[in-house]
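The values are calculated or read from the model by the stated rules, or taken from the named source; none is laboratory data. Computed from a predicted structure; not experimentally measured. Cβ atoms come from the backbone with ideal geometry, glycine included; neighbour counts cover every protein chain shown.
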Amino acid sequence: MNENCLKLTAYFGERQRTDGQFLAEALLELYGRERVATSIMLRGTGGFGPRHLLRTDSSLSLSEDPPVAVAAVDTDTKISGLLDAVVDLTPRGLVTVERARLIEADQDGAVEDVVIPAAVGDAVKLTVYVGRQEHVGRTPAYLAVCDLLFRHGLHGASAFLGVDGTAHGRRHRARFFGRNVDVPMMIIAVGDTAVVERAACELGGILGRALMTVERVRVCKRDGALLCRPDVLPSTDAHGRPLHQKLMVYTSEDSLTDGVPVHRALVRRLRESQSAGGATALRGMWGFHGAEPPHGDRFLQLSRRVPVTTIVVDTPDSIARSFDIVDAVTQKHGLVTSEMVPARISIDEDSPQRPVELARYDY
């Protein structure tokens, strides 16, 4: 299958509850019951939401309720049908809906030729979903995927370990005693469109049942060099539906600014500025950026060299102000991308919700 789809992502605190159970469990239970093509739960390393309450693993007291992100991807019809249920389940948090192209192997494991439409643009974000213990030959799949993407010359890739989710419509959750073979992992990569097309075709040949998405992005910074600012978007589309934007900042745990890891400095400065409604930092376990080969944690290593991705979703005006902070913090390190988000719902128990509509805007 190679078709248009929607990606539905919820950001909230891990201890958030709904109807007597943890919100994350309620969402993954819903996605498993509805046989969503792929979904994944990721634990964050730090962040804040609209109330500007800081959550971080750098403090024992503040790490008791870490930020989490739960993403689900499927056809337009299926995700649209689940959106109201997800919003109703979420008492407090942020929900976004984004357009993507889903590339999924058929029952025989075959993937048709990957052709990314010209309208997508010069750069795309490729997301690859694999199982924790899935292998390509004798190599763990996430290592093989990162090696292939590096060899093809993508700008960067980060592998994240999921703790729950669905793959090809079946739910797989991590258990303390168990091999957790099919618990999902997610590799996010950014590259030029033609390069990603070639890499995705090869990935379809080496992965048992490939599951991937591609999305349009704008590469704003690479290794400290400013290439462009985020696209200037209006606040609404032609029909009055609100437009939003997302910044994703890819760095490493050992990338420092003024002696502080870039992602921690970024979350702190965004929170202090009051210009951002929230931010979430996700720590990966393996990846690369630029010309340095894929790497991650090593035994007896004094500093962590794992990738970290910081995500900010807000209105175009707020993103423009937040990008000034991002630019200042990433003077020497990092890959920064921007993209349009057609729907963003900030949910609080005390605020009424408007009907969710997906904006459309060509740029």
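Identify all residues within the range 72-89 that are buried (at least 23 other Cβ atoms within 10 Å of the Cβ) and under 22 Å from R43 (Cβ atoms); write none if there are none.
Matches in the range 72-89: A72, V73, V86.
Against the conditions (1) of a type in the set (V, I, T); (2) surrounded by fewer than 20 Cβ atoms within 10 Å (Cβ to Cβ); (3) under 20 Å from V326 (Cα atoms), where does V163 fall short? Just the number, please.
(3)
Do the conditions hold for R99, that is, is it part of a strand (DSSP E or B), within 27 Å of V306 (Cα to Cα) and basic (K, R)? Before you say what the answer is, go through the steps one by one.
Working: part of a strand (DSSP E or B): yes; within 27 Å of V306 (Cα to Cα): no; basic (K, R): yes.
It is false that R99 is part of a strand (DSSP E or B), within 27 Å of V306 (Cα to Cα) and basic (K, R).
Does A320 count as surrounded by fewer than 21 Cβ atoms within 10 Å (Cβ to Cβ), hydrophobic (A, V, I, L, M, F, W, C) and assigned to a helix (DSSP H, G or I)?
It is true that A320 is surrounded by fewer than 21 Cβ atoms within 10 Å (Cβ to Cβ), hydrophobic (A, V, I, L, M, F, W, C) and assigned to a helix (DSSP H, G or I).
All but one of (1) more than 22 Å from the chain's Cα centre (by Cα); (2) part of a helix (DSSP H, G or I); (3) farther than 27 Å from A159 by Cα hold for A328; state the number of the condition that does not hold.
Answer for A328: the failing condition is (3).
Tell me, which strands (runs of 3 or more DSSP E) wholly within the range 117-167 include 2 or more residues that are closer than 18 Å to E197 by Cα and touching an Asp or Glu at 6+ places or on another chain (Cβ under 8 Å)? Talk me through it step by step, then tell me what you get.
Working: elements: 123-131, 156-161, 164-167.
Fully inside the range 117-167 and qualifying: 123-131.
Within the range 179-206, which residues are in a loop (DSSP other than H, G, I, E, B) and either modelled with pLDDT of 95 or more or surrounded by 23 or more Cβ atoms within 10 Å (Cβ to Cβ) (or both)?
Once the filter is applied, which keeps residues that are in a loop (DSSP other than H, G, I, E, B) and either modelled with pLDDT of 95 or more or surrounded by 23 or more Cβ atoms within 10 Å (Cβ to Cβ) (or both), the range 179-206 yields only V183.
From the list L30, L62, L53, pick out the single residue that is modelled with pLDDT of 95 or more and more than 19 Å from M248 (Cα to Cα). Working first, answer last.
On the way: L62 fails: modelled with pLDDT of 95 or more; L53 fails: modelled with pLDDT of 95 or more.
Result: L30 is the single residue among L30, L62, L53 that is modelled with pLDDT of 95 or more and more than 19 Å from M248 (Cα to Cα).
Being assigned to a strand (DSSP E or B) and on the phi < 0 side of the Ramachandran plot: is that true of V267 here?
The answer is no for V267.
Just for the range 280-294: of the residues that are part of a loop (DSSP other than H, G, I, E, B) and touching a residue at least 24 places away in the same chain (Cβ under 8 Å), which one is farthest from H263 (Cα to Cα)? Walk me through it before giving the result.
Looking only at the range 280-294, we keep the residues that are part of a loop (DSSP other than H, G, I, E, B), and these are 284-285, 290-294.
Now drop any that are not touching a residue at least 24 places away in the same chain (Cβ under 8 Å), which leaves 284-285, 290, 293-294.
On the way: G284: 12, M285: 15, G290: 18, P293: 21, P294: 19 Å.
Taking the candidates together, the pick is P293.
For A281, state whether it is within 23 Å of F160 (Cα to Cα), of a type in the set (G, A, S), at pLDDT 95 or above and in contact with a strand residue (DSSP E or B) (Cβ under 6 Å, 6 or more places away or on another chain).
Answer is yes for this residue.
Of the residues that sit in the range 1-45 and are more than 19 Å from E98 (Cα to Cα) and of a type in the set (D, E), which one is nearest to the chain's Cα centre (by Cα)?
E14
Restricting the first residue to the range 312-328 and requiring it to be under 13 Å from L266 (Cα atoms), which pairs with a second residue that is charged (D, E, K, R) and surrounded by fewer than 24 Cβ atoms within 10 Å (Cβ to Cβ) meet a Cβ separation below 6 Å and a spacing of at least six or different chains?
Cβ pairs passing all conditions: I325/R269.
Name the residue that is nearest to P293 (Cα to Cα), counting only residues in the range 306-363 that are modelled with pLDDT under 95 and of a type in the set (K, R).
K332
The rows are residues; the columns are (1) within 21 Å of H295 (Cα to Cα); (2) loosely packed, with under 15 Cβ neighbours inside 10 Å; (3) not charged (D, E, K, R).
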| residue | (1), (2), (3) |
| --- | --- |
| R218 | no, no, no |
| R222 | yes, no, no |
| H239 | no, yes, yes |
| Q245 | no, no, yes |
| S255 | yes, no, yes |
| D258 | no, yes, no |
| V262 | yes, no, yes |
